[in-house]
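**Q** Take this structure, written in structure tokens, and hold onto it; I'll ask about it next.
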Amino acid sequence: LSYVMIHLQKMALKSPDTKMDIQNFAIAFGPTLYGEDSSLDMSTATILSKVNLELLSIETSFYEYMLRSTIEKELFVRIKISDPSTTIKRNKLISEMEKKTSA
């Protein structure tokens, strides 16, 4: 979501080229972000576009912070999972469990 919001904010800044301001992006990307449902009435669609407008109005720095935090956590988790000692311990545990179940 953060990446999409940053991208749409950048596109809205180029409104002379894109011919769309931030409100147009909020309306146009409602179905993309929330899914299209033909049973939704106009008031619900209006609410969703207002939610999008609020999301697009949040400062870009917030979304950049969220992206950095998420990426750092993901990298940390990947390093821990791929650590050789973790793999060895996991393999040893699996081997011990297999021995117990076959006995």
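**Q** What pairs come out if I take residues in region 40-52 that are under 16 Å from ASN24 (Cα atoms) and pair them with residues that are buried (at least 16 other Cβ atoms within 10 Å of the Cβ) whose C-beta lies under 7 Å away, six or more apart or interchain?
**A** Pairs found: ALA45/GLY30; LEU48/GLY30; SER49/ALA26; SER49/ILE27; SER49/GLY30; ASN52/ALA26; ASN52/PHE29; ASN52/GLY30.
**Q** Conditions first: (1) surrounded by 15 or more Cβ atoms within 10 Å (Cβ to Cβ); (2) closer than 17 Å to ILE6 by Cβ; (3) under 21 Å from the mean Cα position of the chain (by Cα). GLU54 passes all but one, so which condition is the exception?
**A** (1)
**Q** Let me ask something else about it. Taking region 12-31, which residues are of a type outside the set (A, V, I, L, M, F, W, C) and closer than 16 Å to LEU1 by Cβ?
**A** Within region 12-31, GLY30, PRO31 meet the criteria.
**Q** Go through (1) under 23 Å from TYR65 (Cβ atoms); (2) in a loop (DSSP other than H, G, I, E, B); (3) not basic (Lys, Arg) one by one and return the number of the condition ASP37 breaks.
**A** With (1) under 23 Å from TYR65 (Cβ atoms); (2) in a loop (DSSP other than H, G, I, E, B); (3) not basic (Lys, Arg) applied to ASP37, the lone miss is (1).
**Q** Which one is modelled with the lowest pLDDT among residues in region 35-50 that are surrounded by 15 or more Cβ atoms within 10 Å (Cβ to Cβ) and touching a Gly at 6+ places or on another chain (Cβ under 9 Å)?
**A** Once the filter is applied, the top-ranked residue is ALA45.
**Q** Scanning region 40-51 for residues that are among the aliphatic types (A, V, I, L, M), more than 19 Å from MET66 (Cα to Cα) and part of a helix (DSSP H, G or I), which turns out farthest from the chain's Cα centre (by Cα)?
**A** MET42
Here is a yes/no grid of residues against (1) surrounded by 12 or more Cβ atoms within 10 Å (Cβ to Cβ); (2) without any contact (Cβ under 8 Å) to a residue 24 or more places away in the chain; (3) among the polar types (S, T, N, Q); (4) assigned to a helix (DSSP H, G or I):
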{"position": "ILE6", "(1), (2), (3), (4)": "yes, no, no, yes"}
{"position": "PRO16", "(1), (2), (3), (4)": "no, yes, no, yes"}
{"position": "GLN23", "(1), (2), (3), (4)": "yes, no, yes, yes"}
{"position": "LEU33", "(1), (2), (3), (4)": "yes, no, no, yes"}
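**Q** What are the pairs with Cβ atoms under 8 angstrom where one residue, in region 53-65, is farther than 20 Å from GLN23 by Cβ and the other, located anywhere, is assigned to a helix (DSSP H, G or I)? Sequence gap at least six, or different chains.
**A** GLU64/SER2; GLU64/ILE6
**Q** Going by what's in this entry, would ARG68 be described as charged (D, E, K, R) and modelled with pLDDT of 80 or more?
**A** yes
The values are calculated or read from the model by the stated rules, or taken from the named source; none is laboratory data. Since we're looking at a predicted model, the values are computed, not measured. Note that each Cβ is placed from the backbone with ideal geometry, even for glycine, and that neighbours are counted across all protein chains shown.
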